[in-house]
1. If I build a Gaussian network model for the chain, linking alpha-carbon pairs within less than 10 angstrom, which residue out of S35, S73, S22 has the largest mean-square fluctuation?
2. Per q in 0.23, 0.27 1/Å, what log10 I(q)/I(0) does a Debye calculation on the alpha-carbon atoms of the range 31-89 return?
3. Could you tell me whether the range 15-62 comes out rounded, prolate or oblate from its Cα gyration tensor? Rule is a ≥ b ≥ c as square roots of the eigenvalues, rounded for a/c under 1.5, then prolate if a/b exceeds b/c, otherwise oblate.
4. Could you sort 44-52, 91-99 so that the peptide with the highest average Cβ count within 10 Å comes first and the rest follow in order?
5. In terms of the ratio Rg/(2.2 N^0.38 Å) built on C-alpha atoms, what value belongs to the range 72-127?
6. Could you report the chain's accessible area per residue, 1.4 Å probe, as an integer in Å²?
7. Would you calculate the separation in nanometres between label points at E29 and N42, each defined as 7 Å from the Cα along the Cα-to-beta-carbon direction?
8. Pairs of alpha-carbon atoms within less than 8 angstrom and 6+ residues apart define the contacts here; what relative contact order does the chain have, in percent?
Amino acid sequence: GQPKSMGSQVFRVKPMPTPQGSIKNGDREYADGESVPSARWNANTQVIASYGKDGVLNVPFVVTGFTLSVNGSEYTSNSDRLTRDMLDKIGKAKAGARVTIEKIRAKSTQAGSKEQGLNSFTVKTAY
């Protein structure tokens, strides 16, 4: 057969939604408002960006930095991992202390993607 023109169609393409940040340790993720047990705050704890476990889009992201606030102190990490200072401060916090992760920077692993800012979120310490 020969190719035939079937007309043209205009498509509206929406921008990608903003991924959400959360805390991950092992196979467990903790989102905004959840309590994170003290045993989960360790060197394996990381801040991740995703569209959620039930998200329609499966786009991998790499967190390139964030700021953590706890008990009036603010700390910065230039990776997806919590620093030793962050872990020490969280370890000294009382149960129920608010830990806020903000200024999260993440980038999709897909070629040509730009770094983007994510919404902040707060979790609580639990013992």
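The values are calculated or read from the model by the stated rules, or taken from the named source; none is laboratory data. All values derive from a computational prediction rather than experimental measurement. Virtual Cβ from ideal backbone geometry, glycine too; neighbours counted across all protein chains shown. Keep in mind that these areas ignore ligands, DNA and RNA; they rest on the heavy atoms of the full protein, side chains included. Shrake-Rupley method; radii C 1.70, N 1.55, O 1.52, S 1.80 Å.
1. S73
2. For the range 31-89, the Cα-only Debye profile gives -1.08, -1.28.
3. Prolate is the answer for the range 15-62, as a/c is 1.5 or above and a/b outweighs b/c.
4. Numbers: 44-52: 17.3, 91-99: 13.0.
Order by mean packing, descending: 44-52, 91-99.
5. Numbers: Rg = 13.7 Å, N = 56, 2.2 N^0.38 = 10.2 Å.
That works out to 1.35 for the range 72-127.
6. Ligands and nucleic acids excluded, the result is 65 Å² per residue.
7. Spacing of the two 7 Å Cα→Cβ label points: 2.2 nm.
8. 28 percent
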